[in-house]
Every structure is written in C-alpha cells, then in structure tokens.
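In what follows, a structure is listed as structure tokens, so that the remarks can point back to it.
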Amino acid sequence: MKNIFIAISVLGIFIFLTSCGQNRNIKEIDLANDKSNFDSVNNQYQSKIYVAVSTMISPVETFNLYKDLIDYISSKLGVPIEFKQRKTYGEVNELLKEKKLDFAFICTGAYVQEKDELPVELLVVPVIDGKAFYNAYVIVNKNSSIKTFNDLKGKSFAFTDPLSNTGYLFVVNLLKEKRTNPEKFFSKTIFTYAHDYSIQAVARNLVDGATVDGLVFNFIEHTQPEKLKTVRIIMKSKDFPIPPFVVQKGMNPKLKKKLKSIMINLHNEPKGRELLKKIMIDKFIEGNDELYK
C-alpha cells in the first residue's frame, strides 16, 4: 500500500535508532496534563519564560545541545528559562498559538506554512558557516545504484515532518513540478520526525532515500562522521532562508529588546562564542522577514 504513514513504522525506527545512542537524563515536561491557561507572555512580572527548539536533530540531542546556551541566555537575561520540548514541528507551533511559549527556534517550513496563524514575530536568525541560508539534501545509501532523484521513482523514502521545509516541502514541490506527488512517485513513505533519524534510516537501508536538512547533515559530518559512512548525497536544493528564532508578538518590549541584544552579542563574549561553537553557529543577526515570503 502506497504512502504508508503508520505509527508502527515510525515507532519502530525511533526505538531501533535511539537504542544505539546514549540517553542522557533530561527534564520531562508533560504538557498533555497541563490544565492551566497561564499566558506567560502577558504575565506582568514575567517570573519565568518558556522556550522550545524544534527537533531538527532528535529530541534528546536537541535538548542536550541547546540547554547550555539557553541556560546562559537565561543568566544574562536575569529570568529563568524553561524548556517545553516537543517532538513535532506542529506541536511546537500549537504551543506558540496557545501562548505557552515566549520564544522558539522553529523550522523555516513551520514558520512559512503557519505564519499567518502564529502570533509571533522574527527575533533573530543564525549565521552558520558565514551564511543565513541553508539547503535540503536528498540522500541515499552509498551501496545503492541510485544516482539521481528520478532513480528514486518506485522506491521507499523518508520524510522528516509534514511542516519541515527541507525534510518534506522541498520534495513535495519538486514532485509538483514533475506533475506528480509522493503517493504516486514513491512505493512507500514514512515520517521519522528528526533529520538524524532519516539519515540513519538511509544508512541502515530501512528506506532507499530521504530528504534532510543540510545543516543537520553537516553537523553530523563534523561531530559524528561515522554515521555518514554509508550515506551519499545525490541532490542539493537551492538556498532557503535559515530557520529563525521567533518571539510572541505580545512579549514585553523591554524583555524582547534585551533578549535580542543578548543573542546578537553572544559571539562577542568568550563564553557565548564557546556555546555557539558547540552547535556550529557563528552568530545571530537580525532577520529579514521579507525573505520568508
């Protein structure tokens, strides 16, 4: 049956892939049981603010990578910052809509697709390897005979998230140009909900191909190159505006200004540079919202 988006497949990949890594202890926040209607943005005293980072890398790795940076920003801001981490881009967007987040690092696709519905505004964007742009990579197993995107016709394929620009929308639009769609072009498709899971699915021959975030691919290439030994890039997209940091439109103006200043100046401080280097970000700069249109 074509276009298989079944929970069993995704759960199987999740369990199989995560069992290979070390699971560090992280604080779990059960938002499903959060019955409060607390609007942190409009809290006059702003005793705590909340952040989420979309899981472009696996949820545990995302938390581990960004926690130290968020803690440092919190110390500079003088306000406790708490993670409200979620698995999917859509769930992070829902938290933003419900005003249960003050700011978030979200995917370009998630920002563009739901921009009109999200009560947010652009705060800053990261510069990585000298650029505020990024690309989608279409990958296959090195031992595969697949050489071009067209060779993937009739093959199995991994997407990341329905709101992911590089992990879904890029290929959907590519197929539209070919007057087809994923259901017709591929034999089956799955969602992995993290770019590194898609990479591992290809590396382990669980699927024939995948579309992934080039930033994540490059990060893994730099930090864990052994994970890419059996992976080959067959296509790169055009440049897309990089995933942004956004804040609620109702955030206290003084708090927003201070937060923005802290993030833009991180690269000017020794500790800030050290934390940015950990996640391979050069610096943060003001973003141009027009690019996302």
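The values are calculated or read from the model by the stated rules, or taken from the named source; none is laboratory data. All values reported here derive from a predicted model rather than from experimental measurement. Cβ: placed from backbone, ideal geometry, glycine included. Neighbour counts: every protein chain shown. Surface areas here come from the heavy atoms of the whole protein model, side chains and all, with no ligands, DNA or RNA. Shrake-Rupley method; radii C 1.70, N 1.55, O 1.52, S 1.80 Å.
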Taking every other residue with Cβ under 12 Å from the Cβ of His195 and scoring Lys and Arg +1, Asp and Glu -1, one gets -3
Which order do the peptides 250-257, 219-226 come out in when sorted by mean C-beta neighbours inside 10 angstrom, highest first?
250-257, 219-226
For Lys87 and Glu274 in one chain, what is 0.36 nm times their gap in residues minus the Cα-Cα distance, to one decimal in nm?
64.6 nm
Taking a 26 Å limit on the Cα-Cα distance, which of the listed pairs Lys87/Lys258; Lys147/Lys283; Lys238/Lys283 fall beyond it?
Lys87/Lys258; Lys147/Lys283
For the range 203-283: accessible area per residue (Å², 1.4 Å)
51 Å²
Measure off 7 Å from each Cα along the Cα-to-Cβ vector at Lys115 and Asn205, then give the distance between these two points in nanometres to one decimal.
4.4 nm
With a 1.4 Å probe and all protein chains left in place, how much of the accessible area of the range 155-293 comes from carbon and sulfur atoms, in whole percent?
49 percent
Quick check: pseudo-label points 7 Å beyond the Cα along Cα→Cβ at Lys97 and Asp68, how many nm apart are they?
3.6 nm
